[in-house]
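The values are calculated or read from the model by the stated rules, or taken from the named source; none is laboratory data. These numbers come from a predicted model, not from an experiment. Every residue, glycine as well, gets a Cβ built from its backbone with ideal geometry; the counts of neighbours run over all protein chains shown.
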Amino acid sequence: MANRTGHQSNYTQIVSIGKKLIFLLCNLRADYRCMSYTPGYSENAVRFMQRRSLKSHGAFILPYLRDRQTILDLGCGPGTITVDIARLNQNGRVVAVDRESSQIEAAKTLAAARGIENIEFQIHDVTQIAPVEGSFDLIFSHALFEHLSEPITILREIRPRLSREGVIALRCPDWGGMILHPDTGLIQAVVRRYEEIQQSYGGDTRAGRKLHAWLSKAGYSVQQVSATCEVYPSSREIARYLALQLTREGEAQHASNLLNWASHPESLFSQLWFEVIAKPI
């Protein structure tokens, strides 16, 4: 009898643990759409992103920018592109969203330093966009959707936020278009490992080529697809940026191989980006 009671007690505990595990997995499923931002938020990573500007990384939206617009910047990061957008929209409103509080603080500091007052900064996970209120003439996102595991779902959820004549503008890299020199077996192994890491977090390193298809499936009419090639002025700079992430993931040897490759006097690192403009159907 005592043995049966013990078995029943163990069974009850197992069932209880199982229910808790199911609950946790369900909640993880809800949050997994943007589980981890592969580049991280180290000082080096932030400094790397701060070099981006509207001219260098967002020029494709310039024909769609007008004063007095209401604009949403999804995944604004340290705010360098956001501030440039706001400057061209002085009599309008810009809502800048990022899930990382340190990024929002950096963006606020930058806006204040440049005398930009028409940006409303909000800390939100872009996969939970419901708290962001209002209708927008332009929704812009740079280097974000390659990190989302359910991009089509997110695009569907933000579509009602666009005004009748509004546009959405997305820009993502595509690692399939990367050009490296010297193109060695070691550097290709580094690239493959980095792609595997990003994919393990639910991201897609070939997102660029899929943006137009994702938008179409999410109920948008694609207006424009373009591509640009970014040649990094310093292979060592991009190598240090990626090496930190590899080291953080326990890939010290790959990080070392990358840094050694970048030290070659003729090293070149070129990245392909896709840009897409679309309107809601």
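Would you please name the residue that is nearest to the chain's Cα centre (by Cα), looking only at residues in the range 190-204 that are part of a helix (DSSP H, G or I) and surrounded by 15 or more Cβ atoms within 10 Å (Cβ to Cβ)? Steps first, please.
The first filter runs over the range 190-204 and keeps only residues part of a helix (DSSP H, G or I), leaving 190-200.
Retained after the next criterion (residues that are surrounded by 15 or more Cβ atoms within 10 Å (Cβ to Cβ)): 190-191, 193-195, 197-198.
Details: Val190: 21, Val191: 18, Arg193: 19, Tyr194: 15, Glu195: 14, Ile197: 15, Gln198: 11 Å.
Ranking the qualifying residues of the range 190-204, first place goes to Gln198.
Is one or more of the residues making up the range 31-40 on the phi > 0 side of the Ramachandran plot, at pLDDT 55 or above and either within 21 Å of the chain's Cα centre (by Cα) or exposed (fewer than 13 other Cβ atoms within 10 Å of the Cβ) (or both)? No, because not a single residue in the range 31-40 is on the phi > 0 side of the Ramachandran plot, at pLDDT 55 or above and either within 21 Å of the chain's Cα centre (by Cα) or exposed (fewer than 13 other Cβ atoms within 10 Å of the Cβ) (or both).
Which ones in the range 228-245 are of a type in the set (A, V, I, L, M, F, W, C) and either assigned to a helix (DSSP H, G or I) or surrounded by 14 or more Cβ atoms within 10 Å (Cβ to Cβ) (or both)?
Restricting attention to the range 228-245, the residues satisfying the condition of being of a type in the set (A, V, I, L, M, F, W, C) are 229, 231, 238-239, 242-244.
Ile238, Ala239, Leu242, Ala243, Leu244, listed by residue number.
Filter the range 253-281 down to the residues that are within 21 Å of the chain's Cα centre (by Cα), of a type outside the set (Ser, Thr, Tyr) and more than 30 Å from Pro160 (Cβ to Cβ) and list them by number. Residues satisfying the conditions are Phe269, Gln271, Leu272. Could you tell me whether the range 246-258 includes any residue that is farther than 30 Å from Ala278 by Cα, surrounded by fewer than 18 Cβ atoms within 10 Å (Cβ to Cβ) and modelled with pLDDT under 95? Looking for residues that are farther than 30 Å from Ala278 by Cα, surrounded by fewer than 18 Cβ atoms within 10 Å (Cβ to Cβ) and modelled with pLDDT under 95, one finds at least one in the range 246-258, hence yes. The residue that is farthest from the chain's Cα centre (by Cα), among those in the range 141-158 that are not hydroxyl-bearing (Ser, Thr, Tyr) and not in a helix (DSSP H, G or I), is Glu150. The residue that is surrounded by the most Cβ atoms within 10 Å (Cβ to Cβ), counting only those in the range 179-189 that are in contact (Cβ under 8 Å) with a residue 12 or more places away in the chain and in a helix (DSSP H, G or I), is Ile187. For the range 239-254, the set of residues classified as touching a residue at least 40 places away in the same chain (Cβ under 8 Å) and closer than 23 Å to Ser270 by Cβ consists of Arg240, Tyr241, Leu242, Leu244, Gln245, Leu246, Glu251, His254, listed by residue number. Selection of the range 120-177 for residues being among the acidic types (Asp, Glu) and without any contact (Cβ under 8 Å) to a residue 60 or more places away in the chain yields Glu120, Glu133, Glu157. The selection criterion, being under 24 Å from Arg206 (Cβ atoms) and either modelled with pLDDT of 95 or more or surrounded by 14 or more Cβ atoms within 10 Å (Cβ to Cβ) (or both), holds for Arg156.
So that you can scan it fast, the table gives a plain yes or no per residue for (1) surrounded by fewer than 22 Cβ atoms within 10 Å (Cβ to Cβ); (2) at pLDDT below 95; (3) out of contact with any Asp or Glu (no Cβ under 6 Å at 6 or more places or on another chain):
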residue: Val83; (1), (2), (3): no, no, yes
residue: Thr109; (1), (2), (3): yes, no, yes
residue: Pro131; (1), (2), (3): yes, yes, yes
residue: Phe136; (1), (2), (3): no, no, yes
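Of Trp261, Trp214, all but one fail to be part of a helix (DSSP H, G or I), modelled with pLDDT of 95 or more and closer than 30 Å to Glu157 by Cα; the exception is Trp214. I need the full set of residues from the range 260-272 which are closer than 25 Å to Ser56 by Cα and in contact with a helix residue (DSSP H, G or I) (Cβ under 6 Å, 6 or more places away or on another chain), in order please. Hits for the range 260-272 are Ala262, Ser267, Phe269. Within the range 82-119, the set of residues being β-branched (Val, Ile, Thr), touching a residue at least 40 places away in the same chain (Cβ under 8 Å) and not in a helix (DSSP H, G or I) comprises Val95, Ile119. Return the residue satisfying two criteria in turn: it lies in the range 261-281 and is touching a residue at least 60 places away in the same chain (Cβ under 8 Å) and more than 30 Å from Ser216 (Cβ to Cβ), and of such residues it is surrounded by the most Cβ atoms within 10 Å (Cβ to Cβ). The extreme case among them is Phe269.
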